[in-house]
Each structure stands twice: as structure tokens, then as C-alpha cells.
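These notes are about the structure you will find just below.
Values in this text are rule-based calculations from the coordinates and carry no lab data. Nothing here was measured: the structure is a model prediction, and the numbers come from that model. So basically every Cβ, Gly included, is an ideal-geometry build from the backbone, and we count neighbours across all protein chains shown.
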Amino acid sequence: MQINKNHLSTTMFLAPYILFFVTFIILPVLAAVYLSFSYFNAIERPTFIGLSNYVSVITQDGVFMQFVLPNTLQFALVVGPGGYILSFLLAWMLAQIPKLPRTILALIIYSPSMTAGIAMAVVWTIIFSGDQTGYLNSLLITLGVLFEPIQFLQSPEHLMTIMMVVTLWGSMGVGFLAMLSGVLNINKEIYEAGYIDGIRNRFQEIIYITIPSMKPQMLFGAVMAVVGTFQAGAIGVALSGANPTPQYSGQLMVNHLEDYGFIRYEMGYAAAISVLLLLFVYIFSKIAWRLFGEKD
């Protein structure tokens, strides 16, 4: 009887989480999967069309295959590992300094991630503005590097690079804080034992002691980096002021999804793109789990 009561109390405590998880995660995912096999224009009832949406994405959507997919993979492979490595290095360096300056610097580094993407875009739009009042253009013209301003945010050659820089600048979020916590909570005696056993420098210390001792935090940071990277998209539209972005140079899967879902109202097609995006997130998350998950 006591066991049943314990189960009942556990269930009661978990019930709110389960309710919200099912309502806002499970049901929307199932709805997206269902709609991806249908034609749905947000007015009429969904009409089942099988795999037609997926076939169209892969074989007929030239914008997706030529621009969106390469852009998304390029963005993910640069910003994901780049932001992840940067988070770890900054966390490790902050752990080497006293508590007060560490706390101040951690707040400064973390603060951009708390700023909404649109607000971030406003700051960076001023820096990369395409006239002489833009900080970067003004600096380059003053130094004699340029003779006339460059339209950085409307240039297909520069937009993706700027998107990466802005995203990396704002990527020090909860993953960074988790890594900082992980580094700070490593037992100092392990380092002492490591130097007795043959550790000779800081690099070996990081490889053989620090990273293995904080694998849960490394895994959490990796998953957060994967999810955040593939969810990115608003920054390109906010910087360029258009969706689609100029010549699709900054068009990511999220932008393509929004284009079809909320501009063209082809909800079934947009749902198919969202399912493909979910598969990408799942695959890269499994890779992160393979690298940092416990093997036991």
C-alpha cells in the first residue's frame, strides 16, 4: 500500500510536466508529421497526398536544394562547433581567474544570449549599415581601405558571414553556463593526481582530466548548440530586412519553412520541411550523444 502511495505522489508531481510536454511537444510534432503527408492551405480541410510533399522538396524545389540546404549545413557546421568550442574555451579560461572578475565577465559574455534576435540585429545593423554612417563602412573609408560604402547586409557575398559572426556573438547561453559550472566543480585533487601520473601541461590537463570529468555538461552544451543552430533563421531576415533574403544567400531551413507556411500558406509543404529539420536535429544530437554520452 505504501508503494502505491509513493507512485501516486510521484505521478502527481510529474503530472504538470507530462501535461505540458504532451501538449506543447508531442502533439505539435505528431500534427506536423500528419500535415506533412497532406495538402493544407489553412482554410480547407487537409487532403492526404502521401509522400508528394517530400518528393517535391527533394526533386522539384530548386531553391531548397541549391540554396537552403547548403546554407543550413554550412551555417550549422561553422556556428555549431564554433560556438561550442568557444563556449568551452571561455568557460575554461574564466575558471582560472578569481571569483569576482569571473562572475562579472560571465555575466558580460552571457548577456548577448538574453537579448532577443531582433534587438541583436538592430545593434549589428548599425555596425554593418550600407551607408557612410555604418560603423564598419565609416572605419574602412577613414582608413582608405574603401572609397565608397559596401551594402554588407544586401550582399550575397557577405550576408552569410555576418550571420555567422552575429550568431556566434550571441551563442554563449545556457550551454556556456553549464560548461563553466562543470569546470568549476571538478575536484582539484584529480588535477594533482594527474600531474603525479604524468600530466605535463595545460593541454594534456584539458584532454585527459577536464573534458572526461565534465561529460554531462559537454553533452548538454552540444545538444543545446545543435538545437540552437538549426533553429536559427530570424537573424538573417532581421539583418537583411527581407524573407527570402537577397538572392537566398542567407536563407536557412527555418526561413524556407516560414516562407511557405506563413507567407504562401502551404502548410502541408511547410510541415514536410519542419519534419526534415527535426530529422537533422535528431541526427546531429545522436552524434553529440555518441561523442559525450556515457558508454555504460
Mean Cβ-within-10 Å packing, highest first, puts peptides 164-177, 18-31, 204-217 in the order 164-177, 204-217, 18-31
Residues meeting the amide H criterion for SER38 (H placed from the backbone, H to H distance under 5 Å, 5 or more places apart or on another chain) are ILE49
In debye to the nearest 20, the charge dipole size for the chain, taken about the Cα centre with +1 at each Lys and Arg Cβ and -1 at each Asp and Glu Cβ, equals 760 debye
With the dipole of segment 169-270 defined by +1 on each Lys or Arg Cβ and -1 on each Asp or Glu Cβ, the option from ALA242, GLN204, PHE176 whose Cα lies farthest towards the positive pole is GLN204
With the charge dipole of segment 36-292 built from beta-carbon charges (+1 for Lys and Arg, -1 for Asp and Glu) about the Cα centre, the Cα from VAL79, TYR282, GLN217 projecting farthest to the positive end belongs to GLN217
Quick calc, segment 74-217, dipole around Cα centre from Cβ unit charges on Lys, Arg (+) and Asp, Glu (-), nearest 20 debye, gives 420 debye
Applied in sequence order to segment 141-158, the curve 6.51 cos²θ - 1.76 cosθ + 1.60 (Karplus, θ = phi - 60°) yields integer Hz couplings, x standing for Gly and Pro, of 5, 4, 7, x, 6, 10, 10, 8, x, 9, 7, 4, 7, 10, 9, x, 7, 10
Note to self: C-alpha centroids of segment 237-280 and segment 156-229 sit apart, in Å, by 31 Å
For segment 115-184, the Debye formula with one identical point scatterer on each Cα and no solvent gives log10 I(q)/I(0) at q = 0.15, 0.24 Å⁻¹ as -0.59, -1.04
Quotient of Cα radius of gyration and Kirkwood radius for segment 36-292, i.e. Rg/Rh, equals 1.06
Per residue convex hull volume, Cα only, segment 1-155, in Å³ is 287 Å³
With the dipole of the chain defined by +1 on each Lys or Arg Cβ and -1 on each Asp or Glu Cβ, the option from LEU257, ASN187, PHE40 whose Cα lies farthest towards the positive pole is ASN187
Output ordering of 87-96, 180-189, 225-234 (per-residue mean of other Cβ within 10 Å, highest first) is 225-234, 87-96, 180-189
Percent relative contact order for segment 36-292, counting Cα pairs under 8 Å at least six residues apart, stands at 29 percent
Under the helix-only model (-39500 (n - 2.57) for each DSSP H run of 4 or more, divided by the residues of the chain), the mean residue ellipticity at 222 nm, to 500 deg cm²/dmol, is -20000 deg cm²/dmol
Excluding near-sequence neighbours (fewer than 8 apart on one chain), the chain holds lysine pairs with C-alpha atoms under 27 Å apart numbering 7
